[in-house]
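Trainee: Quick one: structure below, then a few questions.
The values are calculated or read from the model by the stated rules, or taken from the named source; none is laboratory data. This structure is a prediction, so every number in the text was calculated from the model and none was measured. Note: ideal-geometry Cβ built from the backbone for every residue, glycine included; neighbour counts use all protein chains shown.
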Amino acid sequence: MQVETLQELLSLDDVPFIRAAYQTLLAREADHGGLNFYSHRLRAGVSKIIILGELRASAEGRSQNTDIPGLDDTIRRAHSARKPVIGHFVRWVCSVEGDTPVECALRVLSNDIARLRQEVADLREANHGLQHAVSSCLAADAALNSGSVAQSQETPDHPATSRSSSRRGAVPGVMERFFAQTGWKVE
């Protein structure tokens, strides 16, 4: 996903941020090594601006000449904010993130929260798919049960065995108990 503005890029977190940074600054997908390296740095509390600066300063980043309004100025301010003598003043005047332990810890927490939100959304989607599949299975099982009962009533020459009827009838009871215990709802 390539983005057009710095604000849009900085609004992303964790792996989506790294992927978008690669697409935007290097015009390619993130390779496995780069994705692991930068996601580890991001999860360790390194500022997104510093990561963007590293990608921009790489030989590949310099050759792309990507124009994102405000990116280069923001990177320069971030680097100035890390200088020993003037850094505190630059952080105060320009409202630039620093590298104090508290700021790093806040970035780690912010990234972790965003990652967990995405995982919860993914789990909800998977749960919905699972519930739909179970609903389909229950409907199919109910259709099979009603078919076997109808067959045993209609054709006395070929009665259904009591064993198969009882097994089919027991499955919905098992599923109903499972749903009652887990609190899942069947649509």
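Trainee: Of the residues that sit in segment 7-27 and are part of a loop (DSSP other than H, G, I, E, B) and in contact with a helix residue (DSSP H, G or I) (Cβ under 6 Å, 6 or more places away or on another chain), which one is surrounded by the most Cβ atoms within 10 Å (Cβ to Cβ)?
Mentor: 13
Trainee: Answer yes if at least one residue in segment 121-131 is touching a residue at least 60 places away in the same chain (Cβ under 8 Å), outside the structural domain of residue 17 (by TED's automatic domain parsing) and in a helix (DSSP H, G or I), and no otherwise.
Mentor: Looking for residues that are touching a residue at least 60 places away in the same chain (Cβ under 8 Å), outside the structural domain of residue 17 (by TED's automatic domain parsing) and in a helix (DSSP H, G or I), one finds none in segment 121-131, hence no.
Trainee: Only one of these is of a type in the set (Ser, Thr, Tyr) and closer than 21 Å to residue 16 by Cα: 146, 136, 110. Name it.
Mentor: 110
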